Amino acid sequence: MGSTCDRSFTQFMWKLCLLLACCTITLTLAADDESFSNSTMLKRLHEDDYDDGMLMVASRGIENNDVDEEGVCPDGLMVAAWKPQKNLSTGDRVARGLVYFFVMIYLFIGVSIVSDRFMAAIEVITSKEKEVIIKKKNGEKQIVVVRVWNETVANLTLMALGSSAPEILLSIIEMFAKKFQAGDLGPGTIVGSAAYNLFVIIALCIVVIPNGEVRKIKHLRVFFVTATWSVFAYIWLYLILAQISPGRVEVWEGLLTFMFFPATVLTAYIADRRLLIFKYLDKNYRMNKRGVIVSAEGDAALEMDQQQQTDKLAADSDEMREFDEARREYISLLKELRAKYPQSDLEQLEMIAQEQMINRGPKSRAFYRIQATRRMVGSGNIMRKIQERAQSDLNEIKAQLQRVDVNVEEDEAILRVFFDPGHYTVMESCGEFEVRVVRRGDLSGYTTVEYETEDGSAEAGSDYVGKKGVLNFPPGVDEQRFKIEIIDDDVFEQDEHFYIRLSNASDPAVLAVPKVATVMILDDDHAGIFAITQSSHELTESVGVYEVKVQRYSGARGKVLLPYWTEDGTAKAGKDYEPQEGQLVFENNETEKNIAVGIIEEGSYEKDVVFYVNIGEPTLAPAKRNDELAGLIQAAEQKSPEDLTEEDKMALLGRPKAGETTRALLRIIESKEFKNTIDKLVQRANASMVLGTSSWKEQFVEALTVTSAEDGGEEEGEEPTPTCANYVMHFITLFWKILFAFVPPTEIAGGYLCFFVSICAIGVVTAIIGDVAGHFGCTLGIKDAVTAICFVALGTSIPDTFASKVAAIQDKYADASVGNVTGSNAVNVFLGIGVAWTVAAIYHEAQGQVFAVQPGTLAFSVTLFCSEAFIAILILMLRRSKSVGAELGGPVTIKYISGFFLFSLWLIYIIVSSLEAYGIIKGF
């Protein structure tokens, strides 16, 4: 579906270009050439109220800008006019016009490709990150990776420059090409591009949202600020052209125009960070008794004590909030994938989740611009690089976590000697058992260590045979064993214990924990006491199956049945764990059993729930012929108390009993590895990292390789095949791809070298576009103002159109597709016109002249645009009402009506501005 939409949209854009070309050529050929000659323009100029100095400069400007009286077009800055020029037939002019037209299209493609490199450099520069330590409410410190560049500042500076570089550079280059005289092509392109961006791109973004979905602007305060500046920019342009100093631009006007650029960035940053007045517009929030966040007005907000305010500031910091939001999204995504692909292991699901996180994550305008350009020119999209990046990230993070574990072990490089294990449980009737002592570290030397038994509740001579000695470890030997004898008796007694202690290890060995082993002697003359060894257990949800140990002590005689069951707490059976119920069967002389409980892994980040495991009263299994004790107990149980003999009473004392701990609490918390993996993957879920290049080889391989513009399927390893259209566009654009593969990779000098080389290349291609556009209009008799708004503005804005369309569909907010349009429109005026006119005004001031700029067509075009811009922004605001709820998408009927209306505003702007340029309707 996506590829079909892309092809339909591409066909629509090319048809629109051809339609405009045909209409303009027809209008030009049908017009009366004499009425638009230079002499007529000079006559109009003389009729205006200009002083002599201004008249001289303005007249010279017209002579430089237009066809001379003999119909000869002047040479451009980079490209000479097509010779010969005199005595050309109508067919020759149309043919030359078509050649210029298609050359312009090819140049537009070229500037889009080099802009791809330029935007990649900008993305690498603005995506630089740093680690910030955030303190949570509970005092825990969290390391969060944040970008050095503020998103708003990046969008209004480098991003705006990247997306609008051709328009800005065209205005500056045209001023130099015309020897510091005013031109119509550069300013006209800026205003025409602004109209196209605001009306056509937003109309398209409204319509392409899938039915039933909407996209809202997230940073609404920033949008209001940039929208205000975008309208003011063109109002200011009108004021300096037609009101403050009609017909000329003074130095202070040019400088002030340029200074509005940092003012725009500063006010947008203030709005984004809620500084100055914006902090008073912010509401306070509190949590009610039900745990719901509600707004707190007036006195209610003042009731929050200082500690709550501190916690709020710490918890609600932008960095922590954005990080937590991304983390929750990742966990939710992982849960969805586990439900969708239950047969896949966690590592595969993490890789898919990371890939989708990069796809879903916030992306800059540069990302969508580059993706659109690569699809358009047959270089495919960057989804494959995202897949490779996700796999690489996951492998690297797993390796890092493993290295941490290995490093912990490797740090223990000292030669150590200790018991392994450090606890032994033996039956009184076992005779003797074996004790194991090991050494770890450098085994090349000879080591000795002494051992000796030590009484506890068990006494040497009556319960065990005391022993001491020396263990020798020859080179290469890592363990030694010795035996301890246990004394058996027929007296019923409590379980007892004693110790074995290591001492006097030879240098360089040291004694490590456990250097004392505990030996528990279980009396086997009793059926036993049964208890859970540990009353509280803490486990991670990734453990899979957790075993709760049940111990039988004070005897181990006979076969005993012990019932057990699980019980819900805050953890729920079937959701957090698998319920268990049954009986443990302890055979004769068996002292330990485990209750296996399956833990269900949900992938919760900060999980903390509890449930319980219970054991009941133990009972003896039915007696067998050779089980004397069980037979005596069962016989005694059937007698009345007064009939019990001393032997029966002794037998009853040997019945199995429940110990003190019959109920264990199990607390399920998040997996530390899962938590660390999520934190690191969220920190790396940055789509900008896939845009840069690391070497010239990589760039030339990409330039020479044709790939599909469509996404791959869901099957692993499935690679989409390039279509015929992909091959055609690849070979058409191969020259540009190879040429701009020489641009330095973004990895060199942090992307700055690529930035400066790319902008120089854009300037060269833009200068050629300006020359070709001038020759195109000159050959066909089309005015520069009409060429600018109908062709050049459209050609330079097509990549942004594709980018906004993709951003509108893929991004969950409208900022990348719509929110940046207003900022770019303002920056275009303040940089493109502000710089060019400031330099020209200073030059003329130094020459003792005035910098003349005829207000006519440009002032009229600006006025028309401002009027329609108010309407367009009002429509966007009305769409935030309950009937629609967002700037983009919404009910089918409303979104198509909104889109058609905005597109109609652009058509009105094009038609009315063209008619005014040709004098059919009166302007200023």
Under 6 Å between Cβ atoms, which residue pairs at least 6 apart in sequence (or on different chains) link something in the range 530-545 that is closer than 16 Å to residue 611 by Cα with a partner that is open to solvent by 60 Å² or more (accessible area, probe 1.4 Å) and not polar (S, T, N, Q)? 538/667
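Based on this model, can you work out whether residue 863 counts as touching a Phe, Trp or Tyr at 6+ places or on another chain (Cβ under 8 Å) and open to solvent by less than 20 Å² (accessible area, probe 1.4 Å)?
Numbers: touching a Phe, Trp or Tyr at 6+ places or on another chain (Cβ under 8 Å): yes; open to solvent by less than 20 Å² (accessible area, probe 1.4 Å): no.
When the stated conditions are applied, residue 863 does not pass them.
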Can you pull out the residues in the range 901-924 that are over 16 Å from residue 787 (Cα atoms) and either of a type in the set (Gly, Ala, Ser) or free of Cβ contacts under 8 Å to residues at least 24 places away in the same chain (or both)? 904, 920, 921, 922, 923
Subset of the range 126-147 (residues that are surrounded by fewer than 21 Cβ atoms within 10 Å (Cβ to Cβ) and at pLDDT 75 or above): 128
Listed residues 770, 750, 763, 774; which is part of a helix (DSSP H, G or I) and at positive phi? 750
Complete set of residues in the range 552-597 that are of a type in the set (A, V, I, L, M, F, W, C), closer than 18 Å to residue 614 by Cβ and surrounded by 14 or more Cβ atoms within 10 Å (Cβ to Cβ): 560, 561, 562, 565, 571, 573, 584, 586, 595, 597
Cβ-Cβ distance below 8 Å, separation of 6 or more or different chains: which pairs start in the range 411-422 with a residue that is modelled with pLDDT of 85 or more and end on one that is β-branched (Val, Ile, Thr) and open to solvent by 60 Å² or more (accessible area, probe 1.4 Å)? 416/510; 417/510; 418/513
When you scan the range 861-900, how many residues do you find that are touching a residue at least 60 places away in the same chain (Cβ under 8 Å) and either closer than 27 Å to residue 236 by Cβ or aromatic (Phe, Trp, Tyr) (or both)? 14
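Mind checking whether some residue in the range 550-557 is of a type in the set (Ser, Thr, Tyr) and modelled with pLDDT of 85 or more?
Within the range 550-557, the subset of a type in the set (Ser, Thr, Tyr) is 553-554.
Those still in the list that are modelled with pLDDT of 85 or more too: none.
Scanning the range 550-557 turns up no residue that is of a type in the set (Ser, Thr, Tyr) and modelled with pLDDT of 85 or more.
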Taking the stated definitions as given, is residue 117 in contact with a Phe, Trp or Tyr (Cβ under 7 Å, 6 or more places away or on another chain), open to solvent by 30 Å² or more (accessible area, probe 1.4 Å) and at pLDDT 85 or above? yes
Of (1) farther than 18 Å from residue 170 by Cβ; (2) of a type in the set (Val, Ile, Thr); (3) modelled with pLDDT under 90, residue 829 satisfies every one except (1)
So for the range 65-78 (the condition being in a helix (DSSP H, G or I) and either modelled with pLDDT of 85 or more or surrounded by 17 or more Cβ atoms within 10 Å (Cβ to Cβ) (or both)), does at least one residue qualify? yes
Going through the range 469-478 one residue at a time, which ones are surrounded by 15 or more Cβ atoms within 10 Å (Cβ to Cβ) and within 58 Å of the chain's Cα centre (by Cα)? 473
So, first residue at positive phi in the range 71-97, second residue modelled with pLDDT of 85 or more, Cβ within less than 8 Å, six or more apart or across chains; the pairs are none
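Which fully enclosed helices (runs of 4 or more DSSP H) of the range 181-282 have 1 or more residues being open to solvent by 50 Å² or more (accessible area, probe 1.4 Å), free of Cβ contacts under 8 Å to residues at least 12 places away in the same chain and more than 22 Å from residue 885 (Cβ to Cβ)? Don't jump to the end; show me each part of the working.
Values: elements: 185-195, 202-208, 220-238, 251-273.
Fully inside the range 181-282 and qualifying: 220-238, 251-273.
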Taking the range 479-523 only, how many residues are at pLDDT 80 or above, surrounded by 13 or more Cβ atoms within 10 Å (Cβ to Cβ) and part of a loop (DSSP other than H, G, I, E, B)? 7
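The values are calculated or read from the model by the stated rules, or taken from the named source; none is laboratory data. These numbers were taken from a predicted model, which means no experiment stands behind them. Heads up, the Cβs are rebuilt from the backbone with ideal geometry, glycines too, and the neighbour counts pull from every protein chain shown. Note: areas computed on protein heavy atoms with side chains; ligands, DNA, RNA excluded. Shrake-Rupley method; radii C 1.70, N 1.55, O 1.52, S 1.80 Å.
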